[in-house]
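Below is one structure; the comments refer to it alone.
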Amino acid sequence: MASYSELVQQISDLQKQAEKQRKEEYSSVVKSIKRQIAEYGITADELGFSAAKAPSKRGRKPGAKSGVKASKPARKARAKRANAGLKVAPKYRDSASNNTWTGRGKMPRWLVQATANGRTLESFLIPASA
């Protein structure tokens, strides 16, 4: 059985061999990929190399103009807000049940019921910390 130092040396030799093989194959792989991209008309967007996904040209109807704006629902679906997914601190709290609401979106049921029963929205405000 090989000693530890012999195994480390074998690993080092194999890593050098693998890097040499990688360098030899690299250019032919790049050429092959470039040829296929050109052959099929693949774009960087289609491969996911851009921040915003663009619609595929291949899915376009014959005769459709490239400068035509997408319909409003299509533009809305593609648009991304800068603050999407960010957590927001709650603005309102019910001290009895400890329910909270950020003040964004539809008012929660517990707050709708409380305001319907005569309480004011301001009575639920969480004091702003300085």
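Restricting attention to segment 89-100 and to residues that are assigned to a loop (DSSP other than H, G, I, E, B) and either in contact (Cβ under 8 Å) with a residue 12 or more places away in the chain or not hydrophobic (A, V, I, L, M, F, W, C) (or both), the residue that is surrounded by the fewest Cβ atoms within 10 Å (Cβ to Cβ) turns out to be Asn98.
Applying the selection to segment 101-129, what residues are hydrophobic (A, V, I, L, M, F, W, C) and either at pLDDT 95 or above or not in a loop (DSSP other than H, G, I, E, B) (or both)?
Across segment 101-129, the qualifying residues are Trp101, Trp110, Leu111, Val112, Ala114, Ala116, Leu121, Phe124, Leu125.
Ile33 meets each of the listed conditions (1) loosely packed, with under 10 Cβ neighbours inside 10 Å; (2) at pLDDT 80 or above apart from (1).
The values are calculated or read from the model by the stated rules, or taken from the named source; none is laboratory data. Since the model is a prediction, treat every value here as computed from it, not as a measurement. Neighbour counts run over all protein chains shown; Cβ positions are idealised from the backbone, glycine included.
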